[in-house]
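Peer 1: The structure follows.
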Amino acid sequence: MKQQTKIRAMQGLLWLGTIPFVIWKVYLDNLWANFAVAGYVLTAYNVGASAATYPGPGNRWYWKAAVSGFLPHGVLLFAFAVGTLALITAKIKSPTLAYFGLATMILAVESQAQMRFIEVFIARDESHKRRHKVHHDRTEEAKD
């Protein structure tokens, strides 16, 4: 129950954070405003999902999973920015729905990849703990 409340609070903060970007989008209606909204939502979702689902810095695999999740995120944002720049340079007015449809697909692929990273690193941590416990138990038996 506590985890569900934490997730709902993060979702609320995510949507509150979009307000300045949506206002920018309404007043300027350009591709950079679209990019800012999409980039914010992708990043906020990525950070929120990580904070809500991953055990945290106490886990010995935490930074490996965090880096393996955020490096691809940075690459995706960079590619999205280059694509936006290319559309602007070519003077192509991309439909907003198509732009956010692409952002939604990126979000789905990225979140699935990050969940896989987290599963792998949690499994490694649990495996390490079991091996360490077996080794510790054998050491204790040898002392007796």
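Peer 1: So what J values fall out for segment 90-95 if you push phi through Karplus, 6.51 cos²θ - 1.76 cosθ + 1.60 with θ = phi - 60°, rounded to Hz, Gly and Pro as x?
Peer 2: Coupling constants for segment 90-95: 7, 6, 9, 8, 6, x Hz.
Peer 1: From the phi of every residue in segment 107-120, what ³J(HN,Hα) in whole Hz does the Karplus formula 6.51 cos²θ - 1.76 cosθ + 1.60 yield, where θ is phi - 60° and glycine or proline is x?
Peer 2: The phi angles translate into 4, 5, 5, 5, 5, 5, 5, 5, 4, 5, 4, 5, 4, 4 Hz.
Peer 1: Then there's this: Rounded to the nearest Å, what's the spacing between the alpha carbon centres of segment 28-42 and segment 75-106? Just the number, please.
Peer 2: Segment 28-42 and segment 75-106 have Cα centres separated by 9 Å.
Peer 1: For E119 paired with Y27, estimate the spin-label separation in nm (one decimal), with each label point 7 Å from Cα along the Cα-to-Cβ line.
Peer 2: 4.5 nm
Peer 1: Now for a different question. If each of K6 and K93 carries a label point 7 Å out from its Cα toward its Cβ, how far apart are those two points in nm?
Peer 2: Calculated label separation equals 4.6 nm.
Peer 1: Order 72-84, 37-49, 92-104 from most to least packed using the mean count of other Cβ atoms within 10 Å.
Peer 2: The peptides rank, most packed first, as 37-49, 72-84, 92-104.
Read-outs throughout are calculated quantities, based only on the coordinates presented, and are distinct from any laboratory measurement. These numbers were taken from a predicted model, which means no experiment stands behind them. Every residue, glycine among them, receives a Cβ derived from its backbone with ideal geometry; neighbour counts consider all protein chains shown.
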